[in-house]
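Below is one structure, written out as structure tokens; the observations come after it.
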Amino acid sequence: MSGVSPFSLPGHFYRGNLHTHSTLSDGRLSPENVVQAYKDAGYDFVMLSEHFVGHFSWPIADTRAMRCKNFTTLIGAELHTLKTSAGELWHIVAAGLPLDFAPCGEDESGPEIAQRARDAGAFVGIAHPLWSQLTIEDGHAIEAAHAVEIYNHSCAVESDRGEGWYLLDQMLNDGKRLSAFATDDAHFINHDKDAFGGWVKAEANEPELLLEALKAGHYYSSQGPQIHSIAINGDRLDVECSPVDTIVVTGGNSRSAAVFGYAISSGSVDLARLEYSWVPVNPSPWLRVSLIDGKRAWSNPIWLDELE
């Protein structure tokens, strides 16, 4: 039996959000009220990712004073500069920035500011690619990225463009070993609709350890369902989870394998089904697990050559 990280690693999962906004940029609530909203909703950590542009005086929210015994914050921002293939601003989530991170240079590109953020110690994520209409070439341009935002609740609610797997799956097939994160991107404009829809879970509730886990991909993403364990034994993948209706495994081809039921909390998937078809398919070097019960949870990509 091969344990799959992070489920085979020691530690705990903590519920958090890496993408949200306050009155420091274009959100409706003060930083203090945003942090309190996440505390009240049962989160363990949050990052205010204010829009890092001159229009808002280059804000990086200092939320250190809002940390307490059972709740912490990360320091970061949503970085912007011109321009994507669609001719629009880049949106790059950077968690773990220093408070004195310098404003964008006049001619600084998206790939360059992403690299500068990573060099400064940040976890770098490509934000809401479907909403931004990013191409595969755009994704590859951000060589400093650790992850792609595969679900953005605000974009899903407001424009039906919340997904990001189309970009990440293609980048994985091109050999990029990136992880997947889900967020709210809440602005608290419609308080009951644009917040608390997606979260990331990581292993330890201290800023430095959270960042270490994020960079290593030791987390998973969810709208609600919980993944308790994933393990692979030969051609069988075993999942334990909170009760869901579907457990599905996909990879870098068109095949999938699933377990269906009602309120199932475990399931075994025959991985050989990912290659069996009357239509020839290439074997996939990576897999990912999705849970579905109306809401969804997603594992990070599992590279078969990295199994313990």
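Structure summary
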read-out	value
Residue-wise HN-Hα coupling along segment 252-263, computed from phi with Karplus coefficients 6.51, -1.76, 1.60 (Hz; x: Gly, Pro)	x, 10, 7, 7, 8, 9, 9, 10, 10, x, 10, 6
Value in Å of the Kirkwood radius, where segment 65-139 supplies the Cα pairs that are averaged	13.3
For segment 237-293: relative contact order, % (alpha-carbon pairs under 8 angstrom, 6 or more apart)	44
Length-normalised contact order for segment 12-221 - Cα pairs under 8 Å, 6+ apart - percent	21
Intensity falloff of segment 156-308 expressed as log10 I(q)/I(0), Debye formula with alpha-carbon point scatterers, at q = 0.19, 0.20 Å⁻¹	-1.32, -1.42
Three-way shape call for segment 1-151 based on the alpha-carbon gyration tensor, with the a/c threshold at 1.5	oblate
Label-to-label distance, nm, for residues given as Leu209 and Glu106 (7 Å Cα→Cβ offset)	4.7
Rounded to the nearest 20 debye, dipole of segment 12-221 from Cβ charges on Lys, Arg, Asp, Glu	560
Karplus 3J(HN,Hα) series, Hz, for segment 274-290 with 6.51 cos²θ - 1.76 cosθ + 1.60 (x for Gly, Pro)	6, 10, 7, 5, 6, 9, x, 9, 7, x, 9, x, 9, 9, 8, 10, 10
Top of Cys155, Cys241, Cys68 by mean-square fluctuation, Gaussian network on the chain, Cα under 10 Å	Cys68
Whether segment 227-306 is rounded, prolate or oblate, judged on the alpha carbon gyration tensor where a/c under 1.5 counts as rounded	prolate
Folded to 0 to 90 degrees: helix 207-216 orientation relative to the chain principal axis, Cα	50
Out-of-range pairs (alpha-carbon distance over 18 Å; input Lys201/Lys295; Lys39/Lys69; Lys176/Lys295; Lys83/Lys176)	Lys176/Lys295; Lys83/Lys176
Per-residue ³J(HN,Hα) for segment 57-73, Karplus 6.51 cos²θ - 1.76 cosθ + 1.60, θ = phi - 60°, Hz, x for Gly and Pro	6, 6, x, 10, 6, 8, 9, 4, 5, 8, 6, 8, 4, 10, 8, 9, 9
Cut-off under 5 Å, modelled amide H: who pairs with Ala186 long-range	His21
Positive-end residue of Leu172, Asn17, Ser265, charge dipole of the chain with Cβ unit charges	Ser265
Whole-Å semi-axes of the ellipsoid equivalent to the chain (Cα gyration tensor, √5λ, descending)	32, 22, 17
Candidates Ser221, Ser49, Ser57: whichever shows maximal mean-square fluctuation once the chain is modelled as a Gaussian network with Cα springs under 10 Å	Ser57
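Since every read-out is calculated from the coordinates, none of them should be taken as a lab result. No experiment lies behind these values; they were computed from the predicted model shown. Note: ideal-geometry Cβ built from the backbone for every residue, glycine included; neighbour counts use all protein chains shown.
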